[in-house]
Structures are given as C-alpha cells and as structure tokens.
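Peer 1: Sending over a structure as structure tokens; questions will come in a sec.
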Amino acid sequence: MEQTVTFHNGNTMPKVGLGTFRIEEGQELVEAVKHAIVSGYRSIDTARIYDNEQSVGEGIRQGIEAAGISRADLFITTKLWLDDYGYEEAQAAYQASLDRLGLDYVDLYLLHWPGQDTQLYIDSWKGLEKLYNDGKVRNIGVSNFNIEHLERLLEEASVKPVINQVEFTPYLNQQALRDYMKEKFIVAESWSPLMNGEILTNEVVMDIAEKHGKSPAQIIIRWNIEKDVVIIPKSVTPSRIEENLNVFDFELTEEDLYELDQLNEDRRNGPDPAEYNGH
C-alpha cells in the first residue's frame, strides 16, 4: 500500500508521522525524534506553541546522521501561532521557527487555528502564500478550520491549502468536513488521534485489535489511513514509536470499519474551532 498522500500541488507527504504535542524541550524529545527517523519515520510535526522546536530540530539532525539519510528525505511540519498572526508577522514568525529548528525550510507550514478574527487569518494566510510563492516553504495549509472557515479563506486565497489538520477520532468523525475537503482536494490530517490513550480502552477497538493480532493504537492508526486521513501519533517510548509505524501489513474489514464508525458521538476532546481564541 502507498505510504504517502499526494497534495493538489503534486507534492507528497507520509501518511504516518511523529507528533510532538505536549512533549517538552529536552533530551527525551531529541531521542524520540532521532529514534523515529532511525525507525523509518520521514514525517515530524511540531508547532511554535509547543515550545519544543529546538529539541525537535536537534533530534532531526541526529536522526539524519544516524539513519544515513538527507534532509530532503524528511517532511517537517510546524505551525504559526495566533499571537503571530498578520501578513508581515507570519513571515517573521516562520523565520523564527526555522531558526529554532535549525532548518533552511519546512515542508509544511500551517495556520494553527482560525481564531475569532476572520480578516486576521486571511491576512496571515496571504503571508503564508508569500512564503510559498517565494519558494521558502514547500507546502502551506491550515489546522482546526471548520467548513465556514475554509469557505471564507478560499474566497480570498490565491493558493489553496494542501491540508487541514483537525481533531478526528472514532468519537468525532467529522464526516461533513471531510466530505467538503475531499471535494476541494484538501487532505485531512488528525491531531491527538489516540486521544491521550482514551480511545485505546474502548471495547470495540480492543476486540478488533485482538482479532488482527495488533495493538489498539495500530487499529486506530490503520483506521485513519483507511479513511484517507494523515496521522501523527505522539510517543516518546521507542517500542511504541516503532509499533505506530508498523501498520501497513494488514487491513481492516468492512465490518471493522462499520463498528468503528458506529462509535461516533460528535464529541470533541479539544476546543471547538468556532469558539476558540487561543486562550
């Protein structure tokens, strides 16, 4: 099975990457990123607000060296935080992220949330478009955008987002949003896909895992893949990091997918993008 997804601009991204949300700066994070790269991960996700870009960057450098690969083999994502929104501000914040990461470019730069000021996220997007058009970033996208945010953005955008990173779990299947994005050729990506472990103790998930001889986490990751959703599970545990990537040797059945789909409650773990202002 293909392990990458292709954007509307022709660029590709790995379907499974390493998330780093809520992992603090420090050696543990450096080692996790390095181990992920040595284990075969080629996608690493961070953000300015995670306050860990320096450790992620150090892990990338060590991982490249240990794995004997080049920077061009990796796909690195970071995100613009709401405090840095604005046309000029976005461009300055991007450079600051690069400086912390110790990189010349990232492969994907995202608006982290729409926030409550429509004009501000549109101005910020135009700042990202400038970075993209100047060849400073390979791809630009958004995160936590609902349909109404995307519609408004697309009215003014000259470059369409390649991706929208949103909360997506069996408890929140975002069907209408995913249908809309599919129509617009915008890829879906899920953050916190394992719900900090909460979903892994669900009876249905555990039963399906037992049936396939896989872990509950592998079932959820595979479910994302079969829903055409890019996934970035977080872990600092070497064995789990390896396990989370080992999901391309089995498939869920129609029955499995149906049972997982029935878990939907439209229940969010995180904030509602329609109301969130960053605080």
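Peer 1: If r is the Cβ-Cβ distance from residue 134 to residue 2 and R0 is 41 Å, what FRET efficiency results, to the nearest 0.05? The partial results should precede the final answer.
Peer 2: Numbers: r = 31 Å, r/R0 = 0.75.
Given R0 = 41 Å and the Cβ-Cβ separation, E is 0.85.
Peer 1: Compute a Gaussian network model of the chain, connecting alpha carbons closer than 10 Å, and tell me which residue from 144, 133, 52 fluctuates the most.
Peer 2: Largest GNM mean-square fluctuation: 133.
Peer 1: Now a separate question. Just list whichever of 211/234; 79/211; 184/211; 15/211; 79/184 have alpha carbons separated by over 27 Å in the model shown.
Peer 2: On the way: 211/234 24 Å; 79/211 38 Å; 184/211 36 Å; 15/211 24 Å; 79/184 22 Å.
As for pairs spanning more than 27 Å Cα to Cα, those are 79/211; 184/211.
Peer 1: Moving on. Leaving out ligands, DNA and RNA, what percent of the accessible area of region 165-279 is carbon and sulfur, probe 1.4 Å?
Peer 2: Details: 2480 of 5380 Å².
Carbon-and-sulfur percentage of accessible area, whole number: 46.
Peer 1: Please identify, among 165, 262, 54, the residue showing maximal mean-square fluctuation in a Gaussian network model of the chain using a 10 angstrom Cα cutoff.
Peer 2: 262
Peer 1: Given region 153-279, what percent of its DSSP beta bridges are antiparallel, to the nearest 5? Write out the running numbers ahead of the final one.
Peer 2: Details: 1 of 9 bridges.
Of all bridge pairs located within region 153-279, approximately 10 percent are antiparallel.
Peer 1: May I pose another question? Among 248, 75, what's the order by accessible area (1.4 angstrom probe), most exposed first? Working shown, then result.
Peer 2: Numbers: 248 45, 75 10 Å².
Descending order: 248, 75.
Peer 1: Any idea how far apart residue 253 and residue 147 come out in nm if each label point goes 7 Å out from Cα toward Cβ?
Peer 2: Placing both labels 7 Å beyond Cα along the Cβ direction yields 3.4 nm.
Peer 1: Based on Cα coordinates alone, diagonalise the gyration tensor for region 1-90, multiply each eigenvalue by 5, take square roots, and list the semi-axes in whole Å, largest first. Don't jump to the answer; show the numbers that get you there.
Peer 2: Values: eigenvalues 96, 76, 23 Å².
Equivalent-ellipsoid dimensions as semi-axes: 22, 19, 11 Å.
Peer 1: Report the gain in length on full extension from residue 268 to residue 22: 0.36 nm times residue separation, minus Cα-Cα distance, nm rounded to one decimal. Mind dumping the intermediate values first?
Peer 2: On the way: separation 246, 0.36 × 246 = 88.56 nm, distance 1.80 nm.
Result: 86.8 nm gained on full extension.
Peer 1: Okay, next question. With a 1.4 Å probe and all protein chains kept in place, how much accessible area does residue 120 have, in Å² rounded to the nearest 10?
Peer 2: 60 Å²
Peer 1: Where both residues lie in the chain, what percent of DSSP beta bridges are antiparallel, nearest 5? Display every interim value, and only then the final one.
Peer 2: Values: 4 of 28 bridges.
Approximately 15 percent, going by the DSSP bridge assignments.
Peer 1: So for the pair residue 12, residue 96, with labels modelled 7 Å out along Cα→Cβ, what separation do we get in nm?
Peer 2: 3.6 nm
Peer 1: Compute the signed sum of charges (Lys and Arg +1, Asp and Glu -1) over the other residues within less than 14 Å, Cβ to Cβ, of residue 42. Mind showing how you got there, number by number?
Peer 2: On the way: positive: 15, 34, 71, 138; negative: 2, 45, 73, 107.
Once all neighbours under 14 Å are counted, the net charge is 0.
Peer 1: Roughly what % antiparallel, to the nearest 5, for the DSSP beta bridges in region 1-78? Can you show the working numbers first?
Peer 2: Values: 3 of 8 bridges.
Bridges in region 1-78 that DSSP calls antiparallel: roughly 40 percent.
Peer 1: Rank 211, 126, 182 by accessible area, highest first, at a 1.4 Å probe radius? Write out the running numbers ahead of the final one.
Peer 2: On the way: 211 115, 126 70, 182 145 Å².
Output order, biggest surface exposure first: 182, 211, 126.
Peer 1: Run the 1.4 Å probe and let me know the accessible area of residue 87, rounded to the nearest 10 Å².
Peer 2: Solvent-accessible area, nearest 10 Å²: 90 Å².
Peer 1: Give me a comma-separated list of calculated 3J(HN,Hα) values for region 150-155, in order, Karplus coefficients 6.51, -1.76, 1.60 applied at θ = phi - 60°, integers in Hz, x for any Gly or Pro.
Peer 2: Rounded to whole hertz, the list is 5, 4, 5, 5, 5, 5.
Peer 1: Pop the C-beta distance of residue 276 and residue 65 into the FRET formula with R0 = 35 Å and round what comes out to the nearest 0.05.
Peer 2: Values: r = 39 Å, r/R0 = 1.11.
According to the calculation, E is roughly 0.35.
Peer 1: Which FRET efficiency value, to the nearest 0.05, do you get for residue 158 and residue 116 by plugging their Cβ-Cβ distance into 1/(1 + (r/R0)^6) with R0 = 25 Å?
Peer 2: Working: r = 24 Å, r/R0 = 0.96.
Result of the calculation: an efficiency of 0.55.
Peer 1: Please give the calculated 222 nm ellipticity per residue for the chain, where each DSSP H segment of at least 4 residues contributes -39500 (n - 2.57) and the sum is spread over every residue; nearest 500 deg cm²/dmol?
Peer 2: Working: 10 runs with 115 residues, N = 279.
So the helix-based figure for the chain works out to -12500 deg cm²/dmol.
Peer 1: A follow-up question, please. Hey, got the Cα dimensions of region 62-120 along the principal axes, in Å, largest first?
Peer 2: Principal axes ranked by extent give 45, 17, 14 Å for the Cα atoms.
Peer 1: Amide H of residue 5: which non-local residues (sequence gap of 5 or more, or other chain) have their own amide H closer than 5 Å, using H built in the peptide plane?
Peer 2: Hits under the 5 Å cutoff: 13, 15.
Peer 1: While we're here: With a 1.4 Å probe and all protein chains kept in place, how do 147, 23 rank by accessible area, largest first? If you can, show how the numbers build up before the last one.
Peer 2: Details: 147 50, 23 15 Å².
Ranked list, largest accessible area first: 147, 23.
Peer 1: Anyone know which of 97, 70, 43 comes out most mobile in the 10 Å Cα GNM of the chain?
Peer 2: Residue with maximal mean-square fluctuation among 97, 70, 43: 70.
The values are calculated or read from the model by the stated rules, or taken from the named source; none is laboratory data. Predicted, not measured: the structure shown is a model, and the values here were computed from it. Reconstructed Cβ throughout: ideal geometry from the backbone, glycine too, with neighbour counts over all protein chains shown. Heavy atoms of the whole protein, side chains included, go into the accessibility calculation; ligands, DNA and RNA do not. Shrake-Rupley method; radii C 1.70, N 1.55, O 1.52, S 1.80 Å.
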